[in-house]
1. Is the range 224-238 home to any residue that is among the basic types (Lys, Arg), touching a residue at least 24 places away in the same chain (Cβ under 8 Å), more than 19 Å from Lys273 (Cβ to Cβ) and open to solvent by 60 Å² or more (accessible area, probe 1.4 Å)?
2. Are there helices (runs of 4 or more DSSP H) fully within the range 315-365 with at least 3 residues that are under 41 Å from the mean Cα position of the chain (by Cα) and modelled with pLDDT of 90 or more? List them.
3. Give me the pairs, please: first residue somewhere in the range 79-105 and farther than 20 Å from Leu135 by Cβ and of a type in the set (Val, Ile, Thr), second residue anywhere and open to solvent by 40 Å² or more (accessible area, probe 1.4 Å) and not in a strand (DSSP E or B), beta-carbon distance under 8 Å, and either six or more positions apart or on two chains.
4. As an exercise: evaluate Arg304 against (1) more than 19 Å from Ser326 (Cβ to Cβ); (2) of a type in the set (D, E, K, R); (3) at pLDDT below 95 and give the number of the one condition it does not meet.
5. Which of the residues that make up the range 63-84 are part of a strand (DSSP E or B), farther than 17 Å from Ser126 by Cβ and open to solvent by 50 Å² or more (accessible area, probe 1.4 Å)?
6. Inspect all residues belonging to the range 274-287 and state whether any of them is part of a strand (DSSP E or B), open to solvent by 60 Å² or more (accessible area, probe 1.4 Å), at pLDDT 95 or above and closer than 28 Å to Ser239 by Cα.
7. Which residues, taken from the range 109-136, are open to solvent by less than 50 Å² (accessible area, probe 1.4 Å) and under 19 Å from Thr175 (Cβ atoms)?
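The values are calculated or read from the model by the stated rules, or taken from the named source; none is laboratory data. On a predicted model such as this, the values are computed, not experimentally measured, just so you know. For neighbour counting, all protein chains shown are included, and Cβ atoms are generated from backbone atoms with ideal geometry for every residue, glycine included. All accessible areas refer to the heavy atoms of the entire protein, side chains included, with ligands and DNA or RNA removed. Shrake-Rupley method; radii C 1.70, N 1.55, O 1.52, S 1.80 Å.
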Amino acid sequence: MLETLRKKARKSNIWRIALSIVGVAILLAITKFAIFDVITGPTRMDITEDPATYEGKYVTIDADFFLYDYIEHTTTTKKKYGGSSTSTDGYSYIAFQWVDDYENNSSVWYFYSIFLKTDRQQEMSSKIDQTFDYLIDETGSTAPPEPVTVTGVWNKMDSQTERYFRDSLAELDITETDYDVFYFYELDTKNIGGVNALLFWVMMAGAVLLIVFAVLSAVGLFNDSYSRSIQQYLQRDSSVSMATIEEDFNQARLIGSDVWVGKRWTIYMQGNKAKILANKDLVWGYYFRRTGRNSVSEMRLFTREKNMFGISLSEGNTQEALKIYSAEQPHMVIGYSKDLEKMYNKDFNAFLGLQYNSAPRDTEF
């Protein structure tokens with residue numbers, strides 16, 4: 001018996017490990033494996049390098065100047081009873097910084113875009129004002145604004161964003177030259193790995209849970225946790241031995257591939273664990289099915305303690321098991337009706353009186 005159950009548990013654990021690994025791989029792929037960049041920390045960006053070098057990477061940049069909040073990002077939500085509401089998620093800002101070219105006695109200005117959430121709008125408006133105050137001051141008495149350190153993902157602009165970016169710079173009479181370099185990239189602080197930052201961390205939490213699940217399943221390959229329910233049953237009832245349970249198991253009818261209905265006990269696999277029920281404690285059994293998104297097909301068994309156990313089985317396999325119970329466990333009520341459910345919940349003693357009697361409880365099969 002134990003060897004049979006061990007093989008069943010081992011197969012289940014191997015499947016769990018394999019599915020967990022696939023799940024982790026899918027989550028990492030969806031997020032473009034950005035978690036590795038996050039773990040190692042953002043890369044300090046050198047604005048003079050080819051911007052494509054950092055594409056899709058998690059980077060930090062010190063933005064010296066902010067010119068314009070040229071795109072407002074909004075989300076429109078349809079209301080349940082008609083109409084809609086619009087909320088602002090944040091703004092794309094034109095930012096730039098310059099690098100002195102001492103050989104030519106000039107400076108190269110690098111323009112790019114940064115997305116920041118709405119909660120930083122007031123701060124950025126102040127930075128924009130400080131930028132213009134500094135740029136138009138001909139006396140040299142106005143100090144430049146303090147650089148803003150921003151961390152996010154460096155992404156290439158889509159065509160629409162690039163058009164807005166170009167048009168906005170044109171409105172400011174800024175044209176692309178050797179000394180005014182346009183980077184058609186945006187530092188995105190909202191998304192990580194191509195998904196919303198909150199969703200990213202939820203998915204990474206899911207990946208961690210899958211890894212833990214895989215590790216626990218791997219441990220289960222080498223221990224006897226699969227038989228813990230049977231061991232606990234033996235501890236509760238010292239009059240029963242493992243040999244007695246094994247003898248009943250060897251004569252039990254196999255239902256489907258993971259349920260054994262014996263004369264004294266029902267043993268079944270639930271995932272990677274073996275479960276045991278004493279047939280003398282069972283009072284009711286029927287087939288239950290629910291279709292739809294959370295579909296269920298199971299045999300439901302109820303005990304004298306009013307505990308319910310759902311065993312995954314097809315309708316055909318459940319009917320086969322119920323026939324065995326009907327023939328060998330005369331104290332059990334077999335089948336479902338609303339009246340039976342009402343009696344079970346409202347008048348349990350009357351329910352027991354339908355077919356249950358004390359004799360089978362102590363009867364040896």
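1. Pass one, the range 224-238, residues among the basic types (Lys, Arg): 228, 236.
From the residues that got through so far, the ones that are touching a residue at least 24 places away in the same chain (Cβ under 8 Å) too are 228.
Subset that is more than 19 Å from Lys273 (Cβ to Cβ): none.
There is no residue in the range 224-238 that is among the basic types (Lys, Arg), touching a residue at least 24 places away in the same chain (Cβ under 8 Å), more than 19 Å from Lys273 (Cβ to Cβ) and open to solvent by 60 Å² or more (accessible area, probe 1.4 Å).
2. 315-328, 338-346
3. Pairs that qualify, where the first residue is farther than 20 Å from Leu135 by Cβ and of a type in the set (Val, Ile, Thr) and the partner is open to solvent by 40 Å² or more (accessible area, probe 1.4 Å) and not in a strand (DSSP E or B), are Thr88/Thr118.
4. Condition (1) is where Arg304 drops out.
5. Glu72, His73, Thr74, Thr75, Thr76, Thr77, Lys78, Ser84 - these are the residues of the range 63-84 that are part of a strand (DSSP E or B), farther than 17 Å from Ser126 by Cβ and open to solvent by 50 Å² or more (accessible area, probe 1.4 Å).
6. yes
7. Result: Tyr110, Phe111, Tyr112, Ser113, Thr131.
Yes/no per residue for (1) touching a residue at least 12 places away in the same chain (Cβ under 8 Å); (2) more than 17 Å from Val259 (Cα to Cα):
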{"position": "Thr291", "(1), (2)": "no, yes"}
{"position": "Arg304", "(1), (2)": "yes, yes"}
{"position": "Leu322", "(1), (2)": "yes, no"}
{"position": "Tyr336", "(1), (2)": "yes, yes"}
